[in-house]
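All remarks here apply to the structure that follows.
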Amino acid sequence: MHSVGKSWLLLTGFVFFYVIYLLFGALVFSSIERPVEDKLRHDMERLKEEFLNQSCVNAASLELFLNKVLTANKYGVSVLRNSSGRSNWDLASSMFFANTLVTTVGYGHPTPLSDAGKAFSIVYALIGVPFTMLVLTACVQRVMHPLVLAPVTLLQRSGLKPRPATVVHFLLLLIVVVLCFFLAPAAVFSVVEVSWTFLDGIYFCFISLCTIGLGDFVPAARPGQQYRALYQVAVMVYLFLGLMVMYLLLRTLHKMADVHGLTTLLQLPRCEESVLEEDTEPIVSNDPTPPQLKDKAASKPLDPGSQPSYNSINKG
């Protein structure tokens, strides 16, 4: 089959299975969540009727009051007595919001109240999101060699063949990421956030580091949170490091697919290696060789095996 026809066939297959996957998710979520939603709606209706029967407030006034309360709560403003003393827009909270905005996590708590704030959010994110991706990419490129290339080379020197070496390395890296960025933070969140369970903590970590940010669990949102500013800064650091290791994990998976020939099979682009080879070169060289001799040496063809590279790993 012609390569272009095969490429379009694969693309059609991807889109088809993507739609099937969405339908599968819709069926599962509907079957799980709809009964719980119906029960909650019934409980709220019963609570509303009990309140109206025990007070002199009419239904229309109660509806108007609840609409205003829910609208305010959507913007992070609560009418509860123990929530009225703190602001969602102090320096630490505003920085936390800016962090969730440029990392595309976007918990939605709080959100801008004014038109000026909404307009500035658009401009700020328009610049901040690409810049954040640039910073994350630069950080990942700097750690690819010590955390990916060097360990795979070490595993090969220990006697493993290239393909098993990449699989073992990826599994080890995955275990470290799960322990350090999911299980351990989830345990901390379940202690700091009193209303969170350990499962809630894992759920929050996954939703955050995948930049889904549903907003049903937001750290430092509890009234009377101690050391709230310091806690928010710690969460910002966790989000940045977590997003970096998630990107590192994806890059490692992509490179493992290169070694196993999966990218060629699926006609996907291979992971670039030039930036990694540049990262292994020191910025300041201690070599006393004059620049003229270096230029002549640079014009000679290099030995392909002179520098370690993920592409140098055979697929055998």
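The values are calculated or read from the model by the stated rules, or taken from the named source; none is laboratory data. Just so we're clear, the structure is a prediction, and the values are computed from it rather than from any experiment. We place every Cβ from the backbone using ideal geometry, glycine too, and count neighbours over all the protein chains shown. Please note that ligands, DNA and RNA were not included when accessible areas were found on the heavy atoms of the full protein model with its side chains. Shrake-Rupley method; radii C 1.70, N 1.55, O 1.52, S 1.80 Å.
Hey, among 39, 6, which residue is at negative phi, in contact (Cβ under 8 Å) with a residue 12 or more places away in the chain, loosely packed, with under 13 Cβ neighbours inside 10 Å and of a type in the set (Lys, Arg)? Before you say what the answer is, go through the steps one by one.
On the way: 39 fails: in contact (Cβ under 8 Å) with a residue 12 or more places away in the chain.
None of the other options fit; the residue is 6.
Counting only residues that are of a type in the set (S, T, N, Q) and assigned to a loop (DSSP other than H, G, I, E, B), which one in region 223-244 is surrounded by the most Cβ atoms within 10 Å (Cβ to Cβ)?
Across region 223-244, the extreme among qualifying residues is 225.
Could you check region 47-83 and list, in sequence order, the residues that are at pLDDT below 85, closer than 26 Å to residue 222 by Cβ and surrounded by 10 or more Cβ atoms within 10 Å (Cβ to Cβ)?
Selection gives 69, 71, 72, 73, 74, 75, 76, 77, 78, 79, 82, 83.
Any idea how many residues of region 144-179 are closer than 30 Å to residue 230 by Cβ, in contact (Cβ under 8 Å) with a residue 24 or more places away in the chain and open to solvent by 40 Å² or more (accessible area, probe 1.4 Å)?
The qualifying residues number 1.
What's the number of the condition residue 135 fails, among (1) open to solvent by less than 40 Å² (accessible area, probe 1.4 Å); (2) within 12 Å of residue 244 (Cβ to Cβ)?
(1)
Quick check on this structure: which one of 272, 278 is among the charged types (D, E, K, R), in a loop (DSSP other than H, G, I, E, B) and either out of contact with any Pro (no Cβ under 8 Å at 6 or more places or on another chain) or modelled with pLDDT of 85 or more (or both)?
The unique qualifying residue is 272.
Test of understanding: among 103, 111, which residue is open to solvent by less than 20 Å² (accessible area, probe 1.4 Å), modelled with pLDDT of 80 or more and not aromatic (Phe, Trp, Tyr)?
On the way: 111 fails: open to solvent by less than 20 Å² (accessible area, probe 1.4 Å).
Going through 103, 111 in turn, just one is open to solvent by less than 20 Å² (accessible area, probe 1.4 Å), modelled with pLDDT of 80 or more and not aromatic (Phe, Trp, Tyr): 103.
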